[in-house]
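Okay, so here's the structure we're looking at.
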């Protein structure tokens, strides 16, 4: 036998074995990366882009790009060429991206640009990546579900604690929470002048209460967050609502019939005292509001409104854009254009910052001083 041919056969076998070794090491390292469900997804993709080329014959010119929705990660110096393999990334049955492998320079193609073993390797990697992405999505959905469930449970418990602080017993709480209605953002909860059938308890969301005028100009006098009782003014007075209320966010309201609410008040003196405290505080807020409108100029009114929202509604120096400029103008008793002008002045003086529609209070002390001098 010619030793030259024998040596060439041995070289081919060793070369093929070395290629299979590279492919196995590549798939093992890919498996190791895809066991990590806690790292940032971009970090996972970057590791894959660094590792995958090592399984190909010409690894030094082999580059990878992974795109998932708006996330794009590439090997260094990646460029798309005709010498490529690509496969869609599918998450929960939907095509959400693509993985692409390219040779960025021309290669010898006597056995084809990509070996059959490399084609199988690429298919295996994409299958593993798709399985990983689907499992990660399920894991995220499960975590979100658990978190959301915990949030709901916490809110439920906080609401029950609020009712207990009002000195209601378990039987009364069950009666009061029997009817719960959800209102979408922008939906009217009650209408000024309509028959007052219910007393309302805000369990979740955010509600604005306002007085309507015949000239289509509203005056917002209160922004109500959980937990609060609405409609007490109609309990023993004239049986119609003296104001309108609208959900600023999706809100959940417990509706209690006036007669049932009255029965609980008469039987539970401690609860009646707590309700009187709430009613008195509500009246005090209205008196303060009237004083502000009667005695303060535009800048004082706006400062008052921003302080109220920061301290009593959001408990933060950031005013959420769910409070629109129109809401803020109606709360300040101003035309919208006048409100915008005052906000612009406060921004120029670095008392507030405005980012899109979000207002951030930068100097609360100055804001309070301007409120006082009005």
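No value in this document is a laboratory result; all are computed from the given coordinates. In this text the structure is predicted, and so the values were computed from the model without any measurement. Here the Cβ positions follow ideal geometry from the backbone for every residue, glycine too, while neighbour counts run over all protein chains shown.
Return one number: the angle in degrees, 0 to 90 and rounded to the nearest 10, between the long axis of the Cα atoms of helix 41-51 and the longest principal axis of the Cα atoms of the chain.
The angle comes out at about 10 degrees.
How would region 319-374 be classified by its alpha-carbon gyration tensor: rounded, prolate or oblate, with rounded meaning a/c under 1.5 and the a/b versus b/c comparison settling the rest?
In terms of gyration-tensor shape, oblate.
Which residues in region 354-374 have a backbone N closer than 15 Å to a point placed 7 Å from the Cα of residue 295 along the Cα-to-Cβ line?
Residues 369-374 qualify, since their backbone N sits under 15 Å from the label point.
What is the helix-to-structure angle for 116-165, meaning the angle in degrees between its Cα long axis and the longest Cα principal axis of the chain, kept from 0 to 90 and rounded to the nearest 10?
Long axis of 116-165 versus the principal axis of the chain: about 20 degrees.
Between residue 356 and residue 160, what length comes free when the chain is fully extended (0.36 nm per residue of separation minus the Cα-Cα distance, one decimal in nm)?
That pair, residue 356 and residue 160, stretches by 66.8 nm at full extension.
Grab the eigenvalues of the alpha-carbon gyration tensor for region 3-139, scale each by 5, take roots, and send me the semi-axes largest first in whole angstrom.
Sorted largest first and rounded, they come to 30, 16, 12 Å.
Does anyone have the angle between helix 336-348 and the longest principal axis of the chain? Alpha-carbon axes, 0 to 90°, nearest 10?
So the inclination is approximately 60 degrees.
Using the basic label-point model (7 angstrom from Cα toward the beta carbon), what is the residue 211 to residue 79 distance in nanometres?
7.3 nm
Per residue, how big is the convex hull of region 246-359 when only Cα atoms are used? Give it in Å³. Let's see the in-between values first.
Numbers: hull volume 15.0 nm³, N = 114.
In region 246-359, the Cα hull volume divided by residue count equals 132 Å³.
Quick one: if you stick a label point 7 Å off each Cα along the C-beta vector at residue 32 and residue 86, how many nm between them?
It is 3.1 nm.
Over its Cα atoms, what ratio of radius of gyration to 2.2 N^0.38 Å does the chain give?
Normalised by 2.2 N^0.38 Å, the Cα Rg of the chain equals 1.59.
Between residue 307 and residue 167, what's the calculated FRET efficiency when r is the beta-carbon distance and R0 is 35 Å? Round to 0.05.
Efficiency at R0 = 35 Å is approximately 0.65.
GNM on the chain, C-alpha springs below 10 Å: top fluctuator among 160, 339, 48?
Its mean-square fluctuation being the largest, the pick is 48.
What does the convex hull of the Cα atoms come to per residue for region 177-267, in Å³?
89 Å³
Which residues among region 344-358 fall inside the zone where the amide N is under 18 Å from a point 7 Å beyond the Cα of residue 324, along Cα→Cβ?
356-358
Hey, with R₀ at 35 Å, roughly what FRET efficiency would residue 281 and residue 153 work out to, going by the Cβ-Cβ distance, to 0.05? Before the final figure, lay out each step's value.
Values: r = 29 Å, r/R0 = 0.83.
For residue 281 and residue 153, the calculated efficiency is 0.75.
Give the peptides 281-290, 221-230 in descending order of average Cβ contacts within 10 Å, highest first.
Sorting 281-290, 221-230 by mean packing, highest first, produces 221-230, 281-290.
What's the extension gain from residue 236 to residue 340 if we count 0.36 nm per residue and subtract their Cα-Cα distance?
Computed gain between residue 236 and residue 340 is 33.4 nm.
Test of understanding: what is the full-extension gain from residue 197 to residue 123, defined as 0.36 nm times their sequence separation minus their Cα-Cα distance?
Stretched fully, the residue 197-residue 123 segment lengthens by 20.0 nm.
So, in nm, how far is label residue 184 from label residue 25 when the simple model puts each one 7 Å beyond its Cα toward the Cβ?
Between residue 184 and residue 25, the simple spin-label model gives 6.0 nm.
So for each of 119-127, 303-311, 251-259 I average, over its residues, the number of other beta carbons within 10 Å; can you give me the resulting order with the highest mean first?
303-311, 251-259, 119-127
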